[in-house]
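This report concerns only the one structure given below.
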Amino acid sequence: MTNSILIIGPAWIGDMVMAQSLFKTLKLRYPEVQIDVLAPEWTFSLLKCMREVNQAIPTPLTHGQLHLATRYRLAKQLQKNTYDQVIVLQNSFKSALVPWFARIPKRTGWLGECRYFLLNDARRLDKTRYPRMVEQYVALGLEKGETLPEILPYPEFIVSPSARETTLSAFDLHLTQQPILGLGVGAAFGPSKRWPIQYFGEVAKQKLAQGWQVWLFGSEQDRSLTEVVMQMTQQQCSDFSGKTLLNQTLALLSCTSGVVTNDSGLMHMAAALNKPLIAIYGPTSPAFTPPLSNHATILKLNLACQPCFARVCPLKHHRCMTELSPAMVLSAMQTWDHPK
């Protein structure tokens with residue numbers, strides 16, 4: 001009987017969102033299981049939205065650090081929790097050290113980076129069998145060789161009314177009957193994943209003219225992009241780029257009537273909130289990390305050079321994005337005109 005499982009969680013927003021499908025799968029198999037997640041503290045806002053998670057445990061380590069002594073101390077602390085199993089979602093050698101130091105009885109993960117001796121339930125990843133990241137995560141929650149469920153449970157975030165009201169108050173916002181469009185203009189991966197900012201501006205102008213509010217989302221690094229949209233719309237949008245914590249972004253997204261976004265962490269958050277969603281793909285592929293939602297529409301051209309997975313267009317034309325027009329996005333949004 002598996003009573004307690006530790007998850008070594010991913011460090012990217014989208015990956016952590018998709019990890020909830022694993023947590024849901026584990027809860028379906030072992031309803032009484034306690035699931036703890038070891039992850040960077042900044043991801044805790046996501047984990048708080050997941051009812052399956054018992055406890056989020058902060059990792060004192062940053063990406064790329066070895067710090068064996070720190071890992072050993074952390075392992076000794078975790079050992080007190082007497083976990084039955086650990087599932088390592090990260091694929092690095094370092095990420096498997098803490099479970100090994102902690103002597104957790106069953107240590108599950110995909111093989112890679114010479115970490116075979118650290119995992120006693122090591123799996124060899126067959127990407128033809130598990131092409132999507134969510135499938136790779138869920139498979140680690142099953143027995144070795146077991147067939148995936150026909151239907152995978154999708155991520156589903158719950159934002160409390162109090163969290164929503166607190167965030168709205170912090171930004172002096174008052175919801176009206178106007179529908180709200182969220183635009184996710186950034187993508188941490190690199191410029192090739194970003195739909196031209198002028199196109200976002202055109203969509204914003206059209207929806208404002210139709211009586212919508214438009215809210216802009218992004219990081220501090222996206223401020224120069226959202227400023228373009230603000231200029232194109234005579235400052236009629238609400239610009240939250242660089243102004244929100246992750247929990248506030250979630251709360252604001254939960255208020256929207258629909259979202260248009262690049263392939264990004266924000267895309268996965270909107271999908272988990274079950275929002276009508278237009279997900280724009282250029283150099284990356286929805287075959288690997290699609291938005292996990294029945295309310296998502298994927299827009300993507302089928303050029304011979306796609307997907308290249310390059311941070312900057314290697315052919316210097318960026319046609320995968322420039323030829324995907326604002327009209328195509330607006331057309332895909334027609335079902336949003338009378339949101340519930």
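The values are calculated or read from the model by the stated rules, or taken from the named source; none is laboratory data. Please read these numbers as outputs of a predicted model, since none were measured by experiment. Backbone-built Cβ (ideal geometry, glycine too); neighbour counts: all protein chains shown.
Remarks
- Asp222 being acidic (Asp, Glu) and more than 30 Å from Gln136 (Cβ to Cβ): no
Residues are listed down the side, and each one gets a yes or a no for (1) surrounded by fewer than 21 Cβ atoms within 10 Å (Cβ to Cβ); (2) closer than 16 Å to Val17 by Cα; (3) within 25 Å of the chain's Cα centre (by Cα); (4) among the basic types (Lys, Arg):
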residue: Cys49; (1), (2), (3), (4): no, yes, yes, no
residue: Ile57; (1), (2), (3), (4): yes, no, yes, no
residue: His67; (1), (2), (3), (4): yes, no, no, no
residue: Ala75; (1), (2), (3), (4): yes, no, no, no
residue: Gln79; (1), (2), (3), (4): yes, no, no, no
residue: Val98; (1), (2), (3), (4): no, no, yes, no
residue: Pro105; (1), (2), (3), (4): yes, no, no, no
residue: Phe117; (1), (2), (3), (4): yes, no, no, no
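- Scanning the range 119-146 for residues that are in contact with a Phe, Trp or Tyr (Cβ under 8 Å, 6 or more places away or on another chain), surrounded by fewer than 20 Cβ atoms within 10 Å (Cβ to Cβ) and either of a type outside the set (Lys, Arg) or outside any loop (DSSP other than H, G, I, E, B) (or both) returns Ala122, Arg123, Leu125, Pro131, Met133.
- Scan the range 22-34 for residues that are touching a residue at least 24 places away in the same chain (Cβ under 8 Å), surrounded by fewer than 21 Cβ atoms within 10 Å (Cβ to Cβ) and not basic (Lys, Arg) and the total you get is 5.
- Cβ-Cβ under 6 Å pairs, at least 6 apart or on other chains, the range 97-117 side in the same structural domain as Ile8 (by TED's automatic domain parsing), far side part of a loop (DSSP other than H, G, I, E, B) and buried (at least 19 other Cβ atoms within 10 Å of the Cβ): Ile104/Tyr83; Arg107/Leu119; Thr108/Leu140; Gly109/Leu119
- Residues satisfying the stated conditions in the range 245-256, i.e. over 15 Å from Pro155 (Cβ atoms), surrounded by 19 or more Cβ atoms within 10 Å (Cβ to Cβ) and in contact with a strand residue (DSSP E or B) (Cβ under 9 Å, 6 or more places away or on another chain): Thr249, Leu252, Thr256
- Restricting the range 207-221 to residues that are at pLDDT 95 or above and assigned to a helix (DSSP H, G or I), the residue that is surrounded by the most Cβ atoms within 10 Å (Cβ to Cβ): Lys207
- Counting only helices (runs of 4 or more DSSP H) that fall entirely inside the range 8-96 and contain at least 3 residues that are polar (S, T, N, Q), the qualifying elements are 13-29, 68-79.
- Condition met for Glu113 (among the charged types (D, E, K, R) and within 27 Å of Pro153 (Cα to Cα)): no
- Gly186 vs. criteria small (Gly, Ala, Ser), over 18 Å from the mean Cα position of the chain (by Cα) and not in a helix (DSSP H, G or I): no
- Selection count, the range 97-106, where residues are touching a Lys or Arg at 6+ places or on another chain (Cβ under 7 Å) and part of a strand (DSSP E or B): 0
- Only one of the numbered conditions (1) in contact with a strand residue (DSSP E or B) (Cβ under 7 Å, 6 or more places away or on another chain); (2) without any contact (Cβ under 8 Å) to a residue 24 or more places away in the chain; (3) closer than 18 Å to Ile5 by Cβ is not met by Asn91, and that is (3).
- Residue in the range 265-275 that is crowded, with 19+ Cβ neighbours inside 10 Å and free of Cβ contacts under 8 Å to residues at least 60 places away in the same chain present: no
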